[in-house]
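Engineer: Let me give you the structure first, and then I'll get to my questions.
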Amino acid sequence: MIGAIVLAAGSSRRFGGDKRKATLPNGKTVIQQSVETALTCFDEVTLALRYGDNALAAELSPLINNPKLNIFQAPDSALGMGHSLANAIRQVNNWDGVFIFLADMPYLQQATINHLKEAFTANQTNNPIIAPTHNGQLGHPVGFAASYFNELAALTGDKGAKPVMNANTTKVIEVTVDDPGVLKDVDTPEDL
C-alpha cells in the first residue's frame, strides 16, 4: 500500500496568521482542502500537526471525519520540517511507499496525484523517488519507496526530504505534469 503524509506543522510566519485555517474561494480551509485531496487518492493519510496543536486537531476531526486519516502531533515540530517528517514517517506501518504533501499546497489536482502514483507503481521494483515537475521546476508531492523510510526518519532541520533526494539522485524519476498546483503554495494572503 502507498500512503500519504501531509505536513502541517510549520509556523506560517510569512502569512501573518495561521494559514492552515485560511479560507479558499471554495469555502474550505487550506488544510482541509489539502487533506481531503490526499484522502481521495490514498488508503491511509497521516496529517502531521505542530506539537500541542490540540485545538486544531479537535477542529479537524469532525470536519474531516474519515477513518483513513490519522491526525498526529509531531513532538519535534518546533525544530523544523525535517524533524516533523521524521516524526511522521515513524507512525507509518506496512506501507510500500509514501507521498509527502505540504498542507499549504491546496491547488493540487486529483488527476495529477493519480498520475504520480501510477508512475510510482510502474517503477516500484526499482525503489523510486517520484517527483513532479511543472515548467522545469520540481514540485510536490514527492513519492518515496519504503526503502527510504529509515533515511526519512533520520531527517533533521528545515529542508524536508531534500537531503534524501540529493543522496539518491539516480533513483529520482521526474514526472512532467500540466498542473501548476504542484508548485503553488500559500505563503501570503494574496496566494489564496
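Engineer: Which of the three applies to the range 58-106, rounded, prolate or oblate, going by the alpha-carbon gyration tensor with a ≥ b ≥ c and a/c under 1.5 meaning rounded? List each step's numbers first, then the result.
Structural biologist: Numbers: a/c = 1.58, a/b = 1.20, b/c = 1.32.
Oblate.
Engineer: Continuing with this model, one more query. Roughly speaking, what is the stretch gain from Asn150 to Ala167, that is 0.36 nm per residue apart minus the C-alpha to C-alpha distance, in nm to one decimal?
Structural biologist: 4.8 nm
Engineer: Shape call for the range 1-107 from the C-alpha gyration tensor, a ≥ b ≥ c root eigenvalues: rounded (a/c under 1.5), prolate (a/b greater than b/c) or oblate?
Structural biologist: Oblate, since a/c reaches 1.5 and b/c is not below a/b.
Engineer: Once you list every other residue whose beta carbon is under 15 Å from the beta carbon of Pro141, what net charge do they have if Lys and Arg are +1 and Asp and Glu are -1?
Structural biologist: Computed value for this residue: -4.
Engineer: What residue among Leu152, Leu79, Leu116 has the largest mean-square fluctuation in a Gaussian network model of the chain, using Cα springs under 10 Å?
Structural biologist: The residue with the greatest mean-square fluctuation here is Leu79.
Engineer: Can you name the helices of the chain, as whole DSSP H runs, whose Cα span along the helix axis is 20 Å or more and whose Kyte-Doolittle mean is not below 0.5?
Structural biologist: Length and hydropathy pass: none found.
Engineer: Taking the chain as a Gaussian network, where each spring joins two C-alpha atoms under 10 Å apart, which residue of Gln137, Gln73, Gln32 fluctuates the most?
Structural biologist: It is Gln137.
Engineer: Dipole magnitude of the chain about its Cα centre, charges +1 at Lys/Arg Cβ and -1 at Asp/Glu Cβ only, in debye to the nearest 20?
Structural biologist: 260 debye
Engineer: Please compute the length gained on full extension between Asn65 and Leu138, using 0.36 nm multiplied by the number of residues separating them and subtracting their Cα-Cα distance.
Structural biologist: My answer for the length gained is 23.1 nm.
Engineer: When the chain is treated as a GNM, springs tying every alpha-carbon pair under 10 Å, which of Leu85, Leu102, Leu24 comes out with the largest mean-square fluctuation?
Structural biologist: Leu24
Engineer: Continuing with the same structure: Out of all Cα-Cα pairs in the chain, roughly what percent, to the nearest whole number, are more than 23 Å apart?
Structural biologist: Roughly 37 percent, once rounded to a whole number.
Engineer: Which length gain, in nm to one decimal place, applies between Glu118 and Arg90 when the Cα-Cα distance is subtracted from 0.36 nm times their residue separation?
Structural biologist: Numbers: separation 28, 0.36 × 28 = 10.08 nm, distance 2.47 nm.
Residue separation times 0.36 nm, minus the Cα-Cα distance, leaves 7.6 nm.
Engineer: How many Lys pairs in the chain lie less than 26 angstrom apart by Cα atoms, where the lysines are 8 or more positions apart or on different chains?
Structural biologist: 22
A short reminder: the numbers here are calculations on the coordinates, not readings from a lab. The model shown is predicted, which means the values in this text are computed figures rather than measured ones. Reconstructed Cβ throughout: ideal geometry from the backbone, glycine too, with neighbour counts over all protein chains shown.
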